[in-house]
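Only one structure is covered here, and it is reproduced in the block below.
The values are calculated or read from the model by the stated rules, or taken from the named source; none is laboratory data. Every value quoted in this text rests on a predicted model; they were computed, and no experiment measured them. Virtual Cβ from ideal backbone geometry, glycine too; neighbours counted across all protein chains shown. Ligands, DNA and RNA are stripped out before the accessible areas are found, and what is left, the full protein with its side chains, is counted by its heavy atoms. Shrake-Rupley method; radii C 1.70, N 1.55, O 1.52, S 1.80 Å.
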Amino acid sequence: MVDSDLTAEVDPTTGRPTASAKEPLSGWSIGWRLGATLVALVILTCGQFLNTNDFFPLGSLTQYATAKDLNGTVNSTCLEAQFPGEDEPRRLGFNAATVGIERGDIESQLDRVVSHPELLQTLADSYERLHPDDPKPEEMILCRTVTQLENGHSVGEPTKKILATWEVK
Amino acid sequence: MPANDPKTARSMRTKTLSTTGAEATAPEAGRRNAFIRWFTPEIPLARVAVFRVFIYVFIIIDVLTISGDVIPHGWTPDLYQPLWLARFLHIPPVSVLGAQILLAAIIVFCLLAAVGILQRISGWIVTITFGLWMFYTQGYGYVAHDHMALVIAAIVLPTIGVARFRDGGVTSAKAGWAFRVVQISVVLTYFYSVLMKWIASGNITHWANGAVIIWALMRRGAEWSKPFLEWPGLLIAGQWATLAFEFLSPVALFVKGRWLYGVVAFFMLFHLMTYLALGIHFLPTVICWAAFLPLEKLIPKRFAIR
């Protein structure tokens, strides 16, 4: 902290330091503040070791925490929709403005969505409500693009894998 | 020097003699007092008034942009994955209307709290409404870690009580605690992320020698940053550097003056770089770095003194 700056504050009228009035804390005030801070620290620390986000705002700080293999693959989840009268499915923006939810949200519950593809109906409904002037999609396709790495360099074109499909009702 | 005064010198000797029985515990008590002074430092209330403007104005920006997905979440109730506290409090999925009402309440009470009207009430209402908003932005799968310090700031700021811009001459230990807690939250956002990398990767060198930045650049990199994919070695060096300064981030809690400004400027540059390269701005944490600075200096002198 730059508390020393405080003493440098000088009243222009008297030329004396002005940091005179203090509001000290009672024992109880210090006690509960210390206790609350300790409890929060314990929860936050447990959040890390249990690797859970469930205790938000004191969950694990997992963003970009998982090691990635230089010879592994880079996966990215994608979303496509088949519209009436179109030959091929069209790639949709995987974000809240397009389908009501962000890519990261679906990736965080990917197993659930893949085993319950009916959840893609919700995305179709959102798309319809957020784009009332556009045609309604006939089919929703949850997909994944996979890029192979070799020594950290991408090799070849990304491949696409279908994870789940849903006939829109 | 006080010891030059014979009366004071006598008094000091007397004190020394009379406390011989407590000699073993005195250093311990001194250390404890030093810790309490560090934990609840006296800081000017004017600093609180300025920090409140930063935080509450930023919360308005946050709910309208960064965490602006709560209203669209009203369309996807089936994808609600409530967090522990939301389950404990039986908070249902958000509706579109509910989200709009919440948004209006956050904006109104943030403005009141930023200006300093009904300070305690408006502050606590922001804590509750912004907390709910957070459950609704984070409770649909992905939990963003950049909001920890901001949420903590919204919780602790109302505990300070009344603070005005002209309170440059009044210091408060309540304010000192609240700021210290925000500072600790900021620092732990980085420091514990190193711990998490260690836990999630099993071996920290696997993370540092791995392809995390390559992975991030491929998934969400800006066009100008894609050529860096040709130099994986450089990106690995970047990962080691990231680990090093995240591990050293607690230094910010103990340095002062120019060194502190240097640390804050360094982290600002880091976030600017990750924003330009990857679109990851971390602004909710960035704004909380303000808790390390003597913000009262921003107040024009004619308003500053009480």
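The table that follows gives values for the structure above.
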read-out	value
So B:ALA104, is it over 20 Å from A:LEU44 (Cα atoms) and open to solvent by 20 Å² or more (accessible area, probe 1.4 Å)	yes
Conditions (1) within 9 Å of chain A (Cβ to nearest Cβ); (2) within 29 Å of B:HIS206 (Cβ to Cβ); number of the one not met by B:SER249	(1)
Condition check for A:THR98: open to solvent by less than 50 Å² (accessible area, probe 1.4 Å), more than 14 Å from the chain's Cα centre (by Cα), within 11 Å of chain B (Cβ to nearest Cβ) and within 21 Å of A:ARG129 (Cβ to Cβ)	yes
Condition check for B:SER201: more than 27 Å from A:LEU38 (Cα to Cα), at the interface with chain A (Cβ under 9 Å from one of its Cβ atoms) and of a type in the set (Ser, Thr, Tyr)	yes
Top-ranked residue in region B:220-232 [being part of a helix (DSSP H, G or I) and open to solvent by 50 Å² or more (accessible area, probe 1.4 Å); ranked as nearest to A:THR66 (Cα to Cα)]	B:ARG220
Residue check for A:LEU44: surrounded by fewer than 17 Cβ atoms within 10 Å (Cβ to Cβ), within 11 Å of chain B (Cβ to nearest Cβ) and not polar (S, T, N, Q)	no
Region B:189-198, subset within 8 Å of chain A (Cβ to nearest Cβ) and in contact (Cβ under 8 Å) with a residue 12 or more places away in the chain, residue farthest from A:LEU41 (Cα to Cα)	B:LYS197
Options B:ALA252, B:ALA237, B:ALA216; residue that is open to solvent by 20 Å² or more (accessible area, probe 1.4 Å), of a type outside the set (Lys, Arg) and part of a helix (DSSP H, G or I)	B:ALA237
Condition met for B:VAL182 (more than 9 Å from every other protein chain (Cβ to nearest Cβ) and closer than 14 Å to B:THR40 by Cβ)	yes
Unmet requirement for B:ARG120, which otherwise passes all of (1) away from every other protein chain (no Cβ under 13 Å); (2) over 21 Å from the mean Cα position of the chain (by Cα); (3) basic (Lys, Arg)	(2)
Odd one out for B:ALA114 among (1) part of a helix (DSSP H, G or I); (2) surrounded by fewer than 18 Cβ atoms within 10 Å (Cβ to Cβ); (3) away from every other protein chain (no Cβ under 14 Å)	(2)
Scan of region A:112-133 for residues that are open to solvent by 70 Å² or more (accessible area, probe 1.4 Å) and more than 10 Å from chain B (Cβ to nearest Cβ), ordered by number	A:SER115, A:PRO132, A:ASP133
Strands (runs of 3 or more DSSP E) fully within region A:52-169 counting 2 or more residues that are more than 26 Å from B:LEU278 (Cβ to Cβ)	A:73-82, A:139-150, A:153-167
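Residues checked against (1) in contact with a helix residue (DSSP H, G or I) (Cβ under 7 Å, 6 or more places away or on another chain); (2) over 26 Å from B:GLU42 (Cα atoms); (3) touching a residue at least 12 places away in the same chain (Cβ under 8 Å):
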residue: B:TRP240; (1), (2), (3): yes, yes, yes
residue: B:ALA252; (1), (2), (3): yes, no, yes
residue: B:VAL255; (1), (2), (3): yes, no, no
residue: B:VAL263; (1), (2), (3): yes, no, yes
residue: B:LEU269; (1), (2), (3): no, yes, no
residue: B:GLY279; (1), (2), (3): yes, yes, yes
residue: B:THR285; (1), (2), (3): yes, no, yes
residue: B:PHE292; (1), (2), (3): yes, no, yes
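Quick grid of which residues meet (1) more than 30 Å from A:GLU128 (Cα to Cα); (2) at pLDDT 95 or above; (3) open to solvent by 20 Å² or more (accessible area, probe 1.4 Å); (4) in contact with a Ser or Thr (Cβ under 8 Å, 6 or more places away or on another chain):
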| position | (1), (2), (3), (4) |
| --- | --- |
| B:GLY74 | no, no, no, yes |
| B:ASP78 | no, no, yes, yes |
| B:GLN100 | no, yes, yes, no |
| B:PHE109 | yes, yes, yes, yes |
| B:THR129 | no, yes, no, no |
| B:MET134 | no, yes, no, yes |
